[in-house]
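The values are calculated or read from the model by the stated rules, or taken from the named source; none is laboratory data. Nothing here was measured: the structure is a model prediction, and the numbers come from that model. As a convention, Cβ positions derive from the backbone with ideal geometry for all residues, glycine included, and neighbour counts pool all protein chains shown. Surface areas here come from the heavy atoms of the whole protein model, side chains and all, with no ligands, DNA or RNA. Shrake-Rupley method; radii C 1.70, N 1.55, O 1.52, S 1.80 Å.
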Amino acid sequence: MVEIKTVGVIGAGQMGIGIAQVSAQAGYDVILSDIDLPRAEQGKAGIAKLLSRAVEKGKMEQAEADAVLARITPAGEIAPLAGAQLVIEAATEREEVKRAIFANVGALLASDAILATNTSSIPITRLAQSSPDAGRFIGVHFFNPVPVMKLVEVIRGLATTDETVAAISAYADRIGKTVVQAFDAPGFVVNRILLPMLNEAVFVLGEGVGSIVDIDNGCKLGLNHPMGPLTLLDFVGLDTALEILNIFLSTTGDPKYRPAPLLVKYVEAGWYGRKTGRGFYDYSGPEPVPTR
């Protein structure tokens, strides 16, 4: 089983920086890569802000925060990833983008290095076709925000070896996560259950059955959820949710995954949620305000 010392993370967005942070906090050297160096450096700066808040709240010593940051090296190209024993792709949820990354990065890695994807919906066996060795390819699905959420779904493809699964399970344990192993099916375990529920909440809103606030409060109080489904969609990103639902629909052919028309409209308007400042709520003021 390969000994993981250096973790490469491709994508310095919200998920990528979370994976980089928890890996560095666990003592791994981390290479945080994006399409250019400024984006990668911006990702590291985002981690620095999160660590600074932890220090201010007394959850971490300044020396520890400094050590974590020192273990993270931003990169604007893939060449530095050649020395990593584990590379985790956390790019956009688009298959063609991920396939190009796997083909390019896979050619650089050592013969025992593991290539993993943080996809939340695309079948692992299908993505593995773009990697140099399907046996060393695996799904490692983190949940947002990564430093807070304790779960990691580990999804093996048809050819993924037991050694690869064992190495990833050991990595997950070291970064303090609990592993749920999932069969290689669209959405795996959690999103297969979650996304239809979120989509149904948008159908309920679009049909005028309840308001944004009432739908969210109903699920929070009636189902004991920490946040309502429309708030959660804003947090996840409406564009991301739509991509996942379309993958479910195209992969299974099951019409139950048809995206709610109102979700499509919001995405067409560019209202993706928190990351754009507007989704089912408007985040421009001191408190979120419903947009319908």
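Scanning residues 5 or more positions from TYR281 or on other chains, those with amide H under 5 Å from its amide H are THR291, with H placed 1.01 Å from N in the peptide plane.
Out of the DSSP beta bridges found with both residues in the chain, what percent are antiparallel (nearest 5)? That works out to approximately 25 percent antiparallel. Shape index of the stretch 1-140: Rg/Rh, with Rg the Cα radius of gyration and Rh the Kirkwood radius from the inverse mean 1/r over Cα pairs, equals 0.99. Normalised per residue, the accessible area of the stretch 1-151 is 43 Å², obtained with a 1.4 Å probe and no contribution from ligands, DNA or RNA.
Taking amide H positions as modeled 1.01 Å from N, with prolines and chain starts lacking one, the residues under 5 Å from VAL140 and 5 or more places away or on another chain are THR117, ASN118, THR119, ILE155.
Diagonalising the gyration tensor over the Cα atoms of the stretch 65-189 and scaling each eigenvalue by 5 before taking the square root yields semi-axes of 20, 19, 14 Å, largest first.
Using a Gaussian network for the chain with springs between C-alpha atoms less than 10 Å apart, which of these wobbles most: ILE215, ILE19, ILE168? Highest fluctuation of the listed residues: ILE215. Here VAL154 sits with roughly 0 square angstrom of accessible surface, probe radius 1.4 Å. Couplings 3J(HN,Hα) of the stretch 279-292, computed from phi: x, 6, 10, 9, 9, 6, x, x, 10, x, 10, x, 9, 9 Hz, in residue order, whole Hz [Karplus 6.51 cos²θ - 1.76 cosθ + 1.60, θ = phi - 60°; x for Gly and Pro]. Where a ≥ b ≥ c are the square roots of the eigenvalues of the C-alpha gyration tensor, would you call the stretch 211-292 rounded, which needs a/c under 1.5, or, failing that, prolate if a/b is larger than b/c, or oblate? Because a/c hits 1.5 or more and a/b fails to exceed b/c, the stretch 211-292 counts as oblate. Approximating the spin labels as points 7 Å out from Cα along Cα→Cβ, the LEU69-to-ASP162 distance works out to 4.5 nm. Its convex hull of Cα atoms gives the stretch 42-92 a direction-averaged projected area, equal to a quarter of the hull surface, of 4.6 nm². A Förster distance of 51 Å, applied to the separation of the beta-carbon atoms of LYS265 and LYS5, puts the FRET efficiency at 0.60.
When the alpha carbon gyration tensor of the chain is reduced to an equivalent ellipsoid, the three semi-axes, largest first, read 32, 24, 17 Å. Sorted from greatest to least, the principal axis extents spanned by the alpha carbons of the stretch 1-82 come out as 37, 33, 18 Å. Loop-located trypsin sites (Lys or Arg not before Pro) in the stretch 5-95 (DSSP state not H, G, I, E or B) with no more than 14 neighbouring Cβ atoms inside 10 Å: LYS5, LYS57, LYS59, ARG94. Between the alpha-carbon centres of the stretch 5-44 and the stretch 244-292 there is a gap of 27 Å.
Rounded to the nearest 0.05, the FRET efficiency derived from the C-beta distance between ASP214 and SER111 at R0 = 51 Å is 0.35.
In the stretch 144-237, how does Rg compare with the Kirkwood Rh, expressed as the Rg/Rh ratio over alpha carbon atoms?
Ratio value, two decimals: 1.09.
Among complete DSSP H helices in the chain, those whose alpha-carbon atoms stretch at least 20 Å along the helix's long axis and whose mean Kyte-Doolittle hydropathy reaches -0.5 are 37-56, 190-206, 238-252. Which percent of the accessible heavy-atom area of the chain goes to carbon and sulfur, probe 1.4 angstrom? Ligands and nucleic acids excluded, carbon and sulfur reach 54 percent. Distances between placed amide hydrogens fall under 5 Å for ILE114 paired with LEU86, VAL87, all partners being 5 or more residues away or on another chain. Where a Cα-Cα gap under 18 Å defines reach, which aspartates and glutamates qualify for LYS57, not counting those fewer than 8 residues away within the same chain? Counting by Cα, and skipping residues close in sequence, LYS57 has these aspartates and glutamates nearby: ASP66.
Straight-distance candidates among the aspartates and glutamates for linking to LYS5, with alpha-carbon spacing under 18 Å and chain neighbours fewer than 8 residues away dropped: ASP29, GLU89, ASP112, GLU163, ASP173.
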